[in-house]
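Worksheet for the structure shown next.
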Amino acid sequence: MYNSHFELGHVALNVRDLELQSLFYQQVLGLKVLSQSPKQIDLGLEKNTLIRLIQTEQKDEVHHSYGLYHLAIVLPSREDLGTIFRHFIDNKIPLQGASDHGYSEAIYLADTEGNGVEIYRDLPQDTWDVRPDGRIVGITEPMDAETIYALGKKADEAYQMPAGSRMGHVHLSVRESAASSRFYQEVLAVEDKFSVPSAAWLASGDYHHHLAVNEWGGKNLKTRQEGMPGLAYYTVIYSNPEAFEATLNRAIVANLNLHRLDNSAAFVDVDGIKTKFILE
């Protein structure tokens, strides 16, 4: 898809209240419980896990440390975006904003512990502002809320996110966006599709972004540690063994401390943010 070398898999979150967070992702986002144990719940669609919730005993607030700015789930169509928007509005779900980015239309909210969530749909690729050098220029304008609401279907029963929805991108909160951008370009072989002094949007292939990094949280947040509430890790999925091995080799060249299993590996960046990459 989009000539990308990888796709994104599930995002794992350390949560203080496992039951309440599970209810949020079921009732507000319309995901289903796929597997469950006393300390972990996987939620998603069909057999596709989108969110993994992991019980933590630590009590810190998510915005006190670097990590997740938001996870972003992309829906198959504008009508699907309208249906979830209608569900949000009709059920008085608190929203943080809704924007037209030129290449996507997006709705923003947060879960019960403050992890950012974006729900969006991509506009047709031939309408994106793609420059000759491959950069993809985004905008931030108000979303056409009335039109999108009108496109949505009123739910006769509990809302369910549509089949085909997937993790579209992950936006990270970091200390130094330029340094983090260079790091992820080097290790994951992503390209800078658009950047400003405080943020960068990075992608594999022709997509607008699979990853974004920003330093809007300031320079004094905590470095992530194992078990901190918020982002535990996010996953990058490879279907091509050569692309997977190439990422392994780049991580080794970068002197990263790799945690390696047969078909997966993980590394941690300077802010304590963990990336898992998997060959499927």
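Each value in this text was obtained by applying a stated rule to the coordinates, not by laboratory testing. Bear in mind that the values here come from a model prediction, so they are computed numbers and not experimental data. Every residue, glycine as well, gets a Cβ built from its backbone with ideal geometry; the counts of neighbours run over all protein chains shown.
Rg and Dmax in Å for region 86-189, alpha carbons only: what are they?
Looking at region 86-189, its Cα Rg and Dmax stand at 16.5, 49 Å.
Step through the table entries 193/222; 39/276; 219/274, compare each Cα-Cα distance with 22 Å, and write down the pairs that go over it.
Values: 193/222 28 Å; 39/276 20 Å; 219/274 19 Å.
Exceeds cut-off: 193/222.
Divide, for region 40-146, the radius of gyration over alpha carbons by 2.2 N^0.38 Å, where N is the residue count. Provide the component values of the computation, followed by the final result.
Working: Rg = 16.1 Å, N = 107, 2.2 N^0.38 = 13.0 Å.
Against the empirical 2.2 N^0.38 Å value, I get 1.24 for region 40-146.
How high is the relative contact order of the chain, in percent, counting Cα pairs under 8 Å that sit 6 or more residues apart?
Working: 641 pairs, mean separation 66.3, N = 280.
Dividing the mean separation by the residue count of the chain yields 24 percent.
Write down the Kirkwood hydrodynamic radius of the chain, to one decimal in angstroms, obtained as one divided by the mean of 1/r over all alpha carbon pairs.
Details: mean 1/r = 0.0521 Å⁻¹.
It is 19.2 Å.
Fewest to most neighbouring Cβ within 10 Å: what's the order for 73, 278, 273? Provide the component values of the computation, followed by the final result.
Numbers: 73 23, 278 18, 273 26.
Least to most surrounded, the residues fall as 278, 73, 273.
Across region 230-239, in residue order, what do the Karplus-derived ³J(HN,Hα) couplings come to in whole Hz, using 6.51 cos²θ - 1.76 cosθ + 1.60 with θ = phi - 60° and x for Gly and Pro?
For region 230-239, the Karplus curve yields x, 5, 7, 5, 10, 10, 10, 10, 10, 9 Hz.
Write down the percent of antiparallel bridges among all DSSP beta bridges whose residues are both part of the chain, to the nearest 5.
Bridges in the chain are about 75 percent antiparallel.
Taking the alpha-carbon distance from residue 154 and a cut-off under 25 Å, which lysines remain once sequence neighbours fewer than 8 residues away in the same chain are dropped?
32, 92
So what J values fall out for region 143-151 if you push phi through Karplus, 6.51 cos²θ - 1.76 cosθ + 1.60 with θ = phi - 60°, rounded to Hz, Gly and Pro as x?
For region 143-151, the Karplus-derived couplings read 5, 6, 5, 4, 5, 5, 4, 5, 6 Hz, x marking Gly and Pro.
Along region 46-58, what does the Karplus equation 6.51 cos²θ - 1.76 cosθ + 1.60 (θ = phi - 60°) give for ³J(HN,Hα), rounded to whole Hz, x for Gly and Pro?
Per residue, the Karplus-derived 3J(HN,Hα) values read 6, 9, 9, 6, 9, 10, 10, 9, 10, 5, 10, 8, 6 Hz.
Can you sort 56, 275, 147, 112 by how many other beta carbons sit within 10 Å, fewest first? Each step should come with its number before you reach the end.
On the way: 56 19, 275 22, 147 11, 112 15.
Ascending number of Cβ neighbours within 10 Å: 147, 112, 56, 275.
Given the options 97, 114, 82, which has the most mean-square fluctuation in a GNM of the chain, springs set between C-alpha atoms less than 10 angstrom apart?
Comparing 97, 114, 82 in the GNM, the peak value goes to 97.
If you filter region 154-247 for chymotrypsin sites (Phe, Trp or Tyr not before Pro), then keep DSSP loop positions with at most 13 other Cβ within 10 Å, what is left? If you can, show how the numbers build up before the last one.
Numbers: sites: 159, 183, 184, 194, 201, 207, 216, 233, 234, 238, 244; in loops: 159, 207, 216.
Of the chymotrypsin sites (Phe, Trp or Tyr not before Pro), the ones in loops of region 154-247 whose Cβ has at most 13 other Cβ atoms within 10 Å are 216.
Could you work out which residue, out of 65, 165, 37, moves most in a Gaussian network model of the chain, that is, has the largest mean-square fluctuation with Cα springs under 10 Å?
Of the options given, 37 has the highest mean-square fluctuation.
Under the rule of at least 5 residues apart or a separate chain, name every residue whose amide H is placed under 5 Å from the amide H of residue 69.
So residue 69 has HN proximity to 171, 172, 173.
What Rg and what Dmax come out for region 95-139 when only alpha-carbon atoms are used, in angstroms?
13.1, 42
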